[in-house]
Amino acid sequence: MSKHLKRLAAPRALKIERKKEKWSIRSTCGPHPLERSIPLGLVVRDYLKLCDKASEAKKIIGKGEIIVDGKPRRDIRYPCGLMDVISIPKLKKHYRVLMDKRGKLTLVPIPNNEAKWKYCRIEDKTVLKGKKTQLNLHDGRNILVDKDSYKTNDTLKISLPDQKILYLLPFKEGTTSMIIGGTHIGEIAVIDKIEVTRSSMPNVVHLKNKDEKFQTIKDYVFPIGKNKPELTLPGVEIE
């Protein structure tokens, strides 16, 4: 795989000036796919404006001054994706990676107490020896549980960095969710009905918010709260 990426060919989810320079920083293989991740170097240089050049960003990151999900990351190409928590201890600032209504990955400032946890969606499950169940999460994490009381598309609230399960947000009617793909990307809505498709086509989820009712496929629905969003959303000011 090439280590180089032209700005014009960069994923549409990135908020960067595409004609300012020729080259961009390319995400390495990691917990998030290329088309849905921000390289840590772009976070430092282009998103947070902490420096002007990639070489300066490399020095900042190399010193371990940028914390992702509770752990210092020293690779300028480390991929940061949906729901990741980025902390800068020296500045006492924290950010969460979310999707805005244009489908762009954005950094949302969050308070200190919110930086201690993150949401992870269960993508699938694997049964291991000893009847233990491995939960495979959207950000590449794997969590072992003794009792299999979880379903795919449920969301786990986990602590950082020890990734203990704090509680479960079920994928069911009445759960508040964020839409992470399709026409309604970035919108917040409540699951109204889950329609199981008896074919190879994906299941359809019917949702509603204060403005309209709509539907999308199951993979685009990410639960984020029981009765209301339980995290800071794009556009919400933090005092």
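The values are calculated or read from the model by the stated rules, or taken from the named source; none is laboratory data. This is a predicted model, so every value here is computed, not measured. With ideal geometry, Cβ positions are generated from the backbone for all residues, glycine too; neighbour counts draw on all protein chains shown. Only protein heavy atoms, including side chains, enter the accessible area calculation; ligands, DNA and RNA are left aside. Shrake-Rupley method; radii C 1.70, N 1.55, O 1.52, S 1.80 Å.
What number results when the radius of gyration of the stretch 123-221, computed over Cα atoms, is divided by 2.2 N^0.38 Å?
1.19
Set the Förster radius R0 to 22 Å, insert the Cβ-Cβ distance between Ser159 and Lys131 as r into 1/(1 + (r/R0)^6), and round the FRET efficiency to 0.05.
For Ser159 and Lys131, the calculated efficiency is 0.30.
State, as an integer percentage, the relative contact order of the stretch 32-166 based on alpha-carbon contacts under 8 Å between residues 6 or more apart.
That works out to 18 percent.
What accessible area per residue comes out for the chain, rounded to a whole number of Å², with a 1.4 Å probe?
Here the per-residue accessible area is 55 Å².
Rank-order 100-106, 130-136 by packing density, defined as the average count of other C-beta atoms within 10 Å over each peptide's residues, highest first.
100-106, 130-136
Could you tell me which of rounded, prolate or oblate describes the chain, using a ≥ b ≥ c as the square roots of the eigenvalues of the alpha-carbon gyration tensor, with rounded for a/c under 1.5 and, failing that, prolate when a/b is larger than b/c and oblate otherwise?
prolate
Taking the simple approach of a point 7 Å from Cα along Cα-to-Cβ for both Ser55 and Thr28, what is their distance in nm?
About 2.1 nm separates the two model spin labels.
With θ set to phi - 60°, apply the Karplus curve 6.51 cos²θ - 1.76 cosθ + 1.60 along the stretch 107-119 and write out the HN-Hα couplings as whole Hz, x wherever there is a Gly or Pro.
With the stated coefficients, the stretch 107-119 comes to 9, 9, x, 10, x, 4, 5, 7, 6, 8, 8, 8, 9 Hz.
Measure off 7 Å from each Cα along the Cα-to-Cβ vector at Lys63 and Leu233, then give the distance between these two points in nanometres to one decimal.
Inter-label distance under the simple model: 3.8 nm.
Show that you can apply the helix-only estimate: for the chain, add -39,500 (n - 2.57) for every DSSP H stretch of four or more residues, divide by all residues, and state [θ] at 222 nm to the nearest 500.
After summing the helix terms and dividing by residue count, I get -1000 deg cm²/dmol.
Just subtract the alpha-carbon distance of Tyr167 and Leu91 from 0.36 nm times their residue separation and send over the number in nm, one decimal.
24.4 nm
By accessible area of protein heavy atoms, probe 1.4 Å, what ranking do Ser37, Ser200 get, highest first?
If we order Ser37, Ser200 from most to least accessible, we get Ser200, Ser37.
For the stretch 207-224, what does the Karplus curve 6.51 cos²θ - 1.76 cosθ + 1.60, with θ = phi - 60°, yield as ³J(HN,Hα) per residue in whole Hz, taken in order and with x for Gly and Pro?
Along the stretch 207-224, the couplings run 10, 8, 9, 5, 9, 6, 10, 8, 9, 8, 7, 4, 5, 8, 10, 10, x, 9 Hz.
Just the number, please: carbon plus sulfur as a percent of the accessible area of the chain, 1.4 Å probe, no ligands or DNA/RNA counted.
On the chain, the fraction of accessible area on carbon and sulfur atoms equals 50 percent.
What fraction, in whole percent, of alpha-carbon pairs in the stretch 16-72 exceed 18 Å separation?
So the portion of pairs separated by more than 18 Å is 33 percent.
Taking R0 as 41 Å, what's the FRET efficiency between Glu17 and Asn112 from their Cβ-Cβ distance, rounded to 0.05?
0.85
Cα convex hull of the stretch 174-223: mean projected area in nm², to one decimal?
3.2
His32: accessible area at probe 1.4 Å, nearest 10 Å²?
Surface open to solvent at His32 totals about 10 Å².
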